[in-house]
Amino acid sequence: MLATIQLCTFNRARLLERVLQGCFEQTVGPDVYEVVLVNDGSTDETVDVIERAREEAAVPFTVINQENSGLARGRNAGIAAARGERIIFIDDDVLPTPSFVAEHLRSHLEHPDDIVRGAVINTESFEELPPPIYSWRNYSGNFFWTSNVSVPLTTLRGIGGFNEDFAEYGWEDIDVGLRLRARGLRSTLNRNAIAFHFKPPPRSGDVAKIVRQARAQARTAVQLEEIHPIWRARLATGNTIAQRLLHKWIRGIGAARYFDRILRDARPEEKLTGKQQWLAKRLAADAYFDELERARSRGARPR
């Protein structure tokens, strides 16, 4: 078994069915790779989707059901069950192309000890996909990003997997990347290991969730820096003096209240216009840096 595709899912039954089909429809043979799925306490139709997938799977397919515990614990459950020499991580809203596994394995033949990063192309629909062509728009500077990344399984187990203290949204994969970098690993980009990331235009009703995630991510950003008190962690999370001062000034002029007032006028199911999307991002950034200051003053652990 040369590879394991590992993914976690929570309440994304509609997307998961198509993602699993993509995982099963690879150009390499069924004796080459497996799929390991962790169901993180889903309450929608995910169980039904999994049962249909079991019938369709032409490759070894392992399912782990756990109470809702977050990505770090779910990833570790998947790592424990994996049998492939390489483990390839995707998310439950990421659709791999047919040559996805083959390309990751090709890169590992050339760079056997490296992390291999693939290309992620955003799409508004899995039914109308853009051309699978990497461009500068798809670039990510992340060293280790679980939307599309692979690493030798023994190496990942050797650092203890994911840190389960990251119980909220954000940065658990960056933490792994920093620990792997400290071990001397290099990160290689394969532009042909392509996966499509489902990224529909946000709606007005999504803004509150976006803001909540931004606050959670700020708390885990402080947690990340407590573990890794280095410039890479501060730069990745925006936890620098210059950025904090800039956003403190922005909060001081009351920009967030103005943005929020405009967005509240939109109907919940209405797609945000380009201007409204920009306002939503600014609102999330304001929440992120506000929560970052709060978390820094009390320490990373939520109280």
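Any read-out appearing in this document is the output of simple, stated calculations on the displayed coordinates, not a laboratory observation. Not measured: the values here are computed from a predicted model. Backbone-built Cβ (ideal geometry, glycine too); neighbour counts: all protein chains shown.
Between Arg157 and Tyr139, the contour length at 0.36 nm per residue exceeds the Cα-Cα span by 3.7 nm. Taking θ as phi - 60° and the Karplus parameters 6.51, -1.76 and 1.60, the scalar couplings of the range 130-146 work out to x, x, x, 10, 6, 9, 4, 5, 8, 5, 9, x, 5, 6, 8, 9, 6 Hz in sequence order, x denoting glycine and proline. Count of lysine pairs in the chain with Cα atoms under 22 Å apart, counting only pairs 8 or more residues apart in sequence or on different chains? Taking the Cα cut-off of 22 Å, the pair count is 9. Using only Cα atoms, what Kirkwood radius does the range 1-105 have, in angstroms? Kirkwood radius, the range 1-105: 13.4 Å. Kirkwood-type hydrodynamic radius, the range 90-214: 15.8 Å, calculated from all non-identical alpha-carbon pairs.
Near Arg14, once Lys and Arg are set to +1 and Asp and Glu to -1 for all other residues with Cβ below 9 Å from its Cβ, the sum equals -1. In summary, the range 161-233 shows an alpha-carbon radius of gyration equal to 1.37 times the 2.2 N^0.38 Å reference for compact globular proteins.
If a paramagnetic tag sat 7 Å from the Cα of Glu25 along the Cα-Cβ line, which residues of the range 91-106 would have the backbone N under 13 Å from that point? Flagged as within label range: 95-100. When Arg54, Arg75 are arranged by Cβ crowding within 10 Å, least crowded first, meaning fewest neighbours, the order is Arg54, Arg75.
Between rounded, prolate and oblate, where does the range 204-298 land on the alpha carbon gyration tensor, with a ≥ b ≥ c its root eigenvalues, rounded for a/c under 1.5, else prolate if a/b exceeds b/c? Here the range 204-298 falls in the prolate category.
Proximity of backbone amide H atoms, modeled 1.01 Å from N, is registered between Arg203 and Leu272 at under 5 Å, excluding neighbours fewer than 5 places apart on the same chain. Taking amide H positions as modeled 1.01 Å from N, with prolines and chain starts lacking one, the residues under 5 Å from Val149 and 5 or more places away or on another chain are Phe89, Gly118. Placing unit charges on each Cβ (+1 for Lys and Arg, -1 for Asp and Glu) gives the chain a dipole about its Cα centre, and among Ser42, Ala280, Ser150 the Cα reaching farthest toward its positive end belongs to Ala280.
Could you tally the net charge around Pro202, taking each other residue with its Cβ under 12 Å from the Cβ of Pro202, Lys/Arg +1 and Asp/Glu -1? Once positives and negatives cancel, what remains is +1. Taking other C-beta atoms within 10 angstrom as a stand-in for reagent exposure, Trp171, Trp278, Trp136 fall in the order Trp136, Trp278, Trp171, fewest first.
For the chain, the longest stretch holding no GluC sites (Glu not before Pro) located in a DSSP loop with at most 12 other Cβ atoms within 10 Å is which? Walk me through the numbers on the way to the answer.
Values: sites that count: Glu67, Glu124, Glu127, Glu128, Glu269, Glu270.
Longest gap between qualifying sites, sites excluded: 129-268.
When each of His228, His197, His108 is scored by the number of other beta-carbon atoms lying within 10 Å, the sequence from fewest to most is His197, His228, His108.
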